[in-house]
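Participant: One structure is given below, represented as structure tokens, and several questions about it will come after.
The values are calculated or read from the model by the stated rules, or taken from the named source; none is laboratory data. Small disclaimer: the values here were computed from a predicted structure and weren't measured. Here the Cβ is made from the backbone with ideal geometry for all residues, glycine too, and neighbour counts use every protein chain on show.
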Amino acid sequence: MTSGSIVGVDVGGTFTDLFYFDEAAGRFQTAKVPSNRGDEAVGFLEGLKTFGPVANLSSIVHGTTVGTNALLERKGARIGLITTQGFRDVLEMRRRDRKHTWGLWGDFVPVVDRDLRLEVNERTLADGTVRTALDPDEVREAARHLLTRGAEALAIVFVNAYANPQNELKALAAAAEVWPNGNVACSAQILPEIREFERTSTTALNAYLQPVVGSYLAKLDDALRSEGFTGPFHIVQSNGGVMSTATARRLPVRTALSGPAAGVIAAAAIAKAAGFPDVITGDLGGTSFDVSIVVDGETSLAAQTTIDFGLVIRTPMIEITTIGAGGGSIAHVDAGGLLQVGPESAGSRPGPVAYGQGNTRPTLTDANVVLGRINAERPIGGKLQRLDVEAARAAIARHVGEPLGLDPMSAAEAIVRVANAKMAGAIRLVSIERGHDPGRFAAVPFGGGGALHVGALIKDVGLKAALVPRYPGVTSALGCVIADIRHDQVQTVNLMLDGLDAPALDRRMTEEAMAARQVVETAGLSVERIDVLFELDMHYLGQTHTVSVPLPLTAGPEGTGLTEAVARDAFERAYQTSFSRLLPGVPVKIVNLRTAAVGRRPHFDLHALAPGRDASVEAARLGTRPVWFDGAWHEATIYARLDLPVGAVIRGPAILEQTDATTVVDPDLTARVDDLGNVIVERAAR
Amino acid sequence: MTAIDPVTLAVLKGRLEQIADEMDATLYRSAFNPIIAEARDACHGLYHAETGATLVQGTKGLPIFVGAMAFAVKAVIDKVARDGGLEPGDTFLFNDPYDGGTHLNDFRLVRPIFRDGELFCWLASVGHWLDIGGNVPGGFNARATESFQEGVRIPPVKLFTKGVMNPDIVAILQANSRVPMSNFGDLNGQLNALDLGERRLRQLLDEVGDATVAAAFDAFSERAEALMRTAIAALPDGTYSFEDYLDNDGITDERLTIALDLTVAGDRMTLDFSRSSKPCAGPLNIAYSTAAACCYVALKHVFTDVPANAGCLRPITFVIPETTLLGVKAPKPVGGYTETILRVIGVVFGALAKADPARATAAPFGTINALSLAGHRADGSRWVMFSFFGGGLGGNPETDGLNHANNPISMATIPPAEILEAAYPVMFTQWALRPDSAGMGAHRGGFGAVYEVEALTDADVFLLGERGRFAPFGVAGGGSGALNRFVWHENGEERTPPMASKIADLKIRAGERVRLETPGGGGWGDPRERPPAEVARDVRLGFVAAEAAARDYGVVVSQDGHVDEAGTAALRKGVAA
């Protein structure tokens, strides 16, 4: 086991958050420094240096939004695509969808222009038979042509390559001979799974990100080495696991949700340690509210995500549901007289009216300021001296109060109520709609704003409680430190369950397991053990959707122990959970084999974060101020949250302040500090 | 009526829409047939107790159903008025296209929700079942001259009485389909959706009170009506006429006219289709409710801010006589209804473009191209590949039309070629965008597609499509998209169907191919106002031929794909003069 110091670094749009942990001493430190957009290495190093010489650190784990931003802003590399004769437009044709149910306007520009998508004569059939063999010269010529057109990365995607990658691998070898850099990959390496659009999109987006993420990581790596850092430098992937920078440079598409995934991982770990294995995490940012469900301590993974219309990434990712309601969301009354909050947002610049940076339309944050929930004298982030409450109130009166015939305070409360309803809707979506009883779940807000709204979420959705981590602002950085190492693989197999050749599938599983293990083993971070998990995507013949079927098996020296009966039993169990009714007599098909290797990191004892013994409620008390709840002013007690001792019980109305978050305790709720330093907000005992 | 405050109203809107959305999601996930599971050919909502008017719709339901469901619930209300005997726990089932349906494949389930012994509202579910008998597997019989050749027709019947299912009805349904298990799975999926919707609605009613929710229903309708009236009032008064054509009815090769006289008078609008062709012999007819529903779809696509409930139809008057092909009664065949409603939607766009060019959308590709290939595998088992294909949307004031999109009546995605090849003995030799298919314009249309498929066994081929003779129109000076084309080869010679885009008896041998080339969308605005750089880009990308760039757009594009400024200036000047 390495004993030394590990640092988690989460680079966001505005701030870089760092979490330092000395594993031997059980000592931690946090830091927050401004991000340097475009030259993130500066803020990154500056942050690291707050913990002493960089050379003394033993490992660094990084959550990044460089990939996400490159996708959202369409700032990836110029890339080329080589594909099967007749199929060069797959990327642009998508799955024949459109952006909105209602309204036919809008177009779509793919990440590879049509003149950089070249076809070669080759064909494999669905059963894996090569019908037309590949001529490597044709590929070399196509690759050379793309190079002259300025392509920096190359994706090769052939139809049915999931069933037999032979032609693709030949093409890859030929292209590699003439390609001047390592940015060349074929779809069988990235996603050997059926569905040509999803596979092409994922492979192309990987190429699109490769030069960007590659040069970003190289730059960071150089900067770290020049400071004398010699340890492993790792990246958080969208599945919430950690990978080596070498893997990240090969599979940059797996970093698309790196930052948010780290936050969910940490929130899940904190909540589990606090005795809340079932939670719904909520990250309220400037423009959106991101929720994710954790059941029995396990995050839930989605097989694919759509970054933007037509930009599909198919690789396991922590399932995050996003709605357009954030602190910067603008409130307005529409032509039909209905109050709306978002999705239009003032973002962080110009930001809310109260920031005095030029916006005149009221936002959710303005409503929280006017209601006294946010302290106007001590704005979060520390950039502004104070917030302009009067301007916020005037904007609310003009844009919401007057059209609805409400006084400004009622209008501000209405904005918060509508925003709360939207957040509650997102929580219902991931809980009730998936068959989970919300009464079993606690909300875990992280990021800056979520803790302002926990009371309403408890009451509107019927949640058990809310758990505000001790350092909500650095949750993602903490997640970097505690995340396991993980590598996911998928392979389409298309096998009928009846009469399954179990030994053949077993051999395949063992091979997949060995390959996945190897990636984890070579990552270089200390792990306690490596678990291999298998899942099959299965359905009744004729269905198109599959159910994920976890297999109660793992890879051992004697194989996995797979039999037809084991697979059938697991399928029926999973199908029944989803749809209650089995369909006896209908043949069952195994579509995909999914393999994950997970390197379990040494246990992180969250007691390290708890407040010291000298803390006391009296010392934490800052005074009182009027805060508006349910149509009236209440005199709320204000506390310095980090100074509250373990076991403190605070009755609402109260406000708990810390530099990067504000927790609101409604009059009918109670907050207590648990032995890890978390604040638990619950209904007051009557 | 209980007054309702605006904040509660905003909150309830989200809660109720979420219930309908969740009903949709439940059916998508548990449905057995890909037309529901993948293509989302389904819809759910809450409907008014007395009128059946739409109160709340899901945000993802199939657009054409969103318009049609109110008529479906009304059909059940009429039956109850006629026959009596409505009780808690009842659920009605039907597919009658002439009484609140669309075509026979679309099965409706309608369930009353009682509160304290009084009918509070209705819940309903509709989904497209794979096969309900008839001459052609999967429906879409281009040769049908009577409903009886299209499948089995079920009037509103009680599937559940006081919570107990009548298994005889299920047995009748099973006996009349080529795929009884698939239909049974879908029926159960729809029941799951209704059960869930009922549970959620009852929770909400218990939580906030029946009176408050009822007041919210009224307020939603009033709000939709107010928004629609405002939108109509913004249009200049007058009558705007537009006509478009269907190729033929599949029986006789004569064009069919869809004619609309759209009149705006203050905040009211009349849609008069009286000048349209009379009912036809083939399956291109539709019933009144379907015609009204697709007008609603067209208006929703133009006035996107107006909420999806019946209030928005209050300011609209429909004139859809029984003497036209848009208001037929049983047993006139309606299996090709998709083609007719797409044309109706197009003429609404065309007439509105005249009223307000700022909201003008050129014609979308306008055909679903229901293509099926069927044959027998080497082991003797039967295979049927059935799918709908995409095309280009119309140019509009904001953007070019979207390439390879779904139709305005649906949000259906297309199955990937690899899924089709894995399931059926076929091999696609082309799956591509179709160059030169987009209508020219300052904002050109989206491009259609080319699908070429080789059968790996002998196969029978069926196609029900349109736009083989009359192209998607442009607006505000834009040009037309390309015509739909379906071709195959016999003895080395290219052949096309005598009925342009409809054929029911084509046989091809293993190793032979058929090729479908779908229309692009119409263009918006004067093509000579399109920025030369964008025209050059289209040429560089191989979408527009250099000659077409010069001829249609007045832009000279050099060999290397750049704008020849001097040549363009001269050409555009010359063209303009």
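Participant: Quick test of your reading of the structure: residue B:386 fulfils all but one of (1) within 11 Å of another protein chain (Cβ to nearest Cβ); (2) of a type in the set (Phe, Trp, Tyr); (3) under 19 Å from the mean Cα position of the chain (by Cα). Name the failing condition by number.
Facilitator: All conditions pass for residue B:386, except number (1).
Conditions (1) within 10 Å of chain A (Cβ to nearest Cβ); (2) of a type in the set (S, T, N, Q); (3) not in a loop (DSSP other than H, G, I, E, B), marked per residue:
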site	(1), (2), (3)
B:421	yes, no, yes
B:428	yes, no, yes
B:431	yes, no, yes
B:436	no, no, no
B:446	yes, no, no
B:453	no, no, yes
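Participant: Mind listing whichever residues of the range B:413-430 are among the hydrophobic types (A, V, I, L, M, F, W, C) and over 23 Å from the mean Cα position of the chain (by Cα)?
Facilitator: Hits for the range B:413-430 are B:419, B:422, B:423, B:426, B:427, B:428.
Participant: If a residue counts only when it is without any contact (Cβ under 8 Å) to a residue 24 or more places away in the chain and farther than 28 Å from residue A:89 by Cα, which helices (runs of 4 or more DSSP H) contained entirely in the range B:486-577 have at least 2 such residues?
Facilitator: B:565-576
Participant: Counting residues that are closer than 30 Å to residue B:29 by Cα and more than 14 Å from chain B (Cβ to nearest Cβ), which strands (runs of 3 or more DSSP E) fully inside the range A:559-655 reach at least 2?
Facilitator: A:588-600
Participant: Please indicate, with yes or no, whether at least one residue in the range A:28-36 is of a type in the set (Lys, Arg) and in a loop (DSSP other than H, G, I, E, B).
Facilitator: Scanning the range A:28-36, I find no residue that is of a type in the set (Lys, Arg) and in a loop (DSSP other than H, G, I, E, B), so the answer is no.
Participant: Would you please list the contacts, defined by Cβ atoms under 6 Å and residues six or more apart or on different chains, that run from a residue in the range A:335-352 that is within 18 Å of residue B:306 (Cβ to Cβ) and within 14 Å of chain B (Cβ to nearest Cβ) to a residue that is among the acidic types (Asp, Glu) and not in a strand (DSSP E or B)?
Facilitator: So the pair list comes out as A:340/A:334.
Results for (1) assigned to a loop (DSSP other than H, G, I, E, B); (2) in contact with a helix residue (DSSP H, G or I) (Cβ under 9 Å, 6 or more places away or on another chain), shown as yes or no for each residue.
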{"position": "B:294", "(1), (2)": "no, yes"}
{"position": "B:306", "(1), (2)": "yes, yes"}
{"position": "B:334", "(1), (2)": "yes, yes"}
{"position": "B:338", "(1), (2)": "no, yes"}
{"position": "B:341", "(1), (2)": "no, yes"}
{"position": "B:350", "(1), (2)": "no, no"}
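Participant: For the range A:366-463, which fully contained helices (runs of 4 or more DSSP H) count at least 1 residues that are farther than 30 Å from residue A:295 by Cβ and under 28 Å from the mean Cα position of the chain (by Cα)?
Facilitator: A:408-430
Participant: If you check A:351, A:336, A:347, A:342, which single one turns out to be within 26 Å of residue A:32 (Cα to Cα) and either touching a helix residue (DSSP H, G or I) at 6+ places or on another chain (Cβ under 9 Å) or not in a loop (DSSP other than H, G, I, E, B) (or both)?
Facilitator: A:351
Participant: Go through the range A:603-628 residue by residue and tally those that are touching a Lys or Arg at 6+ places or on another chain (Cβ under 9 Å) and among the hydrophobic types (A, V, I, L, M, F, W, C).
Facilitator: Residues flagged as touching a Lys or Arg at 6+ places or on another chain (Cβ under 9 Å) and among the hydrophobic types (A, V, I, L, M, F, W, C) within the range A:603-628 amount to 7.
This table checks each residue for (1) crowded, with 22+ Cβ neighbours inside 10 Å; (2) within 22 Å of the chain's Cα centre (by Cα); (3) farther than 20 Å from residue A:236 by Cα; (4) of a type in the set (D, E, K, R).
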| position | (1), (2), (3), (4) |
| --- | --- |
| A:8 | yes, yes, no, no |
| A:13 | no, yes, no, no |
| A:26 | no, no, yes, no |
| A:34 | no, yes, yes, no |
| A:44 | yes, yes, no, no |
| A:50 | no, no, yes, no |
| A:58 | no, no, no, no |
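Participant: Also, I was wondering about something else. Please state which of the following conditions residue B:326 fails to meet, knowing it meets all the rest: (1) within 22 Å of residue B:244 (Cα to Cα); (2) part of a helix (DSSP H, G or I).
Facilitator: Exception for residue B:326: condition (2).
Participant: Regarding the range B:113-126, can at least one residue be identified that is surrounded by 18 or more Cβ atoms within 10 Å (Cβ to Cβ), of a type in the set (D, E, K, R) and more than 18 Å from the chain's Cα centre (by Cα)?
Facilitator: no
Participant: Kindly indicate which of A:30, A:16 is closer than 22 Å to residue A:604 by Cα and in contact with an Asp or Glu (Cβ under 9 Å, 6 or more places away or on another chain).
Facilitator: After applying the criteria, what remains is A:30.
Participant: Run residue B:550 past the list (1) over 30 Å from residue B:370 (Cβ atoms); (2) within 33 Å of the chain's Cα centre (by Cα) and report the number of the one that doesn't hold.
Facilitator: Of the numbered conditions (1) over 30 Å from residue B:370 (Cβ atoms); (2) within 33 Å of the chain's Cα centre (by Cα), the odd one out for residue B:550 is (2).
Participant: Say we look at the range B:392-401 and pick out the residues that are in contact with a Ser or Thr (Cβ under 7 Å, 6 or more places away or on another chain) and within 9 Å of chain A (Cβ to nearest Cβ); which of these is farthest from residue B:524 (Cα to Cα)?
Facilitator: B:394
Participant: Being in a helix (DSSP H, G or I), of a type in the set (Gly, Ala, Ser) and either surrounded by fewer than 17 Cβ atoms within 10 Å (Cβ to Cβ) or out of contact with any Phe, Trp or Tyr (no Cβ under 7 Å at 6 or more places or on another chain) (or both) narrows it down to one of B:193, B:231, so name that one.
Facilitator: B:193
Participant: Picking from A:242, A:253, A:264, A:212, which residue would you name as being within 14 Å of residue A:67 (Cβ to Cβ), buried (at least 24 other Cβ atoms within 10 Å of the Cβ) and under 24 Å from the mean Cα position of the chain (by Cα)?
Facilitator: A:253
Participant: Could you say whether any residue in the range B:381-404 is of a type outside the set (Val, Ile, Thr), surrounded by fewer than 19 Cβ atoms within 10 Å (Cβ to Cβ) and not in a loop (DSSP other than H, G, I, E, B)?
Facilitator: Yes: one or more hits.
Participant: Would you mind finding the one in A:410, A:431 that is buried (at least 20 other Cβ atoms within 10 Å of the Cβ) and either over 20 Å from residue A:653 (Cα atoms) or facing chain B (nearest Cβ under 10 Å) (or both)?
Facilitator: After applying the criteria, what remains is A:431.
Participant: Moving to a separate point now. Residues that are more than 14 Å from chain A (Cβ to nearest Cβ), at least 2 per element: which helices (runs of 4 or more DSSP H) completely within the range B:1-116 meet that?
Facilitator: The helices (runs of 4 or more DSSP H) meeting that bar are B:63-83.
Participant: Residue A:673 - would you say it is modelled with pLDDT under 95 and in contact with a Leu (Cβ under 6 Å, 6 or more places away or on another chain)?
Facilitator: It is false that residue A:673 is modelled with pLDDT under 95 and in contact with a Leu (Cβ under 6 Å, 6 or more places away or on another chain).
Participant: Would you check which residues across the range A:306-329 are crowded, with 23+ Cβ neighbours inside 10 Å and either closer than 25 Å to residue A:359 by Cβ or at pLDDT below 85 (or both) and list them?
Facilitator: A:325, A:326, A:327, A:328, A:329
Participant: Suppose we filter the range A:530-573 for residues that are touching a Pro at 6+ places or on another chain (Cβ under 9 Å), farther than 30 Å from residue A:603 by Cβ and crowded, with 18+ Cβ neighbours inside 10 Å; how many remain?
Facilitator: Qualifying residue count for the region: 6.
Participant: Something else about it: Which condition breaks for residue B:290 when tested against (1) under 19 Å from residue B:44 (Cα atoms); (2) away from chain A (no Cβ under 14 Å); (3) in a loop (DSSP other than H, G, I, E, B)?
Facilitator: All conditions pass for residue B:290, except number (3).
Participant: Sticking with this structure for a sec: Can you tell me which of A:300, A:292, A:345, A:288 is modelled with pLDDT of 90 or more and out of contact with any His (no Cβ under 8 Å at 6 or more places or on another chain)?
Facilitator: Exactly one residue qualifies, and that residue is A:292.
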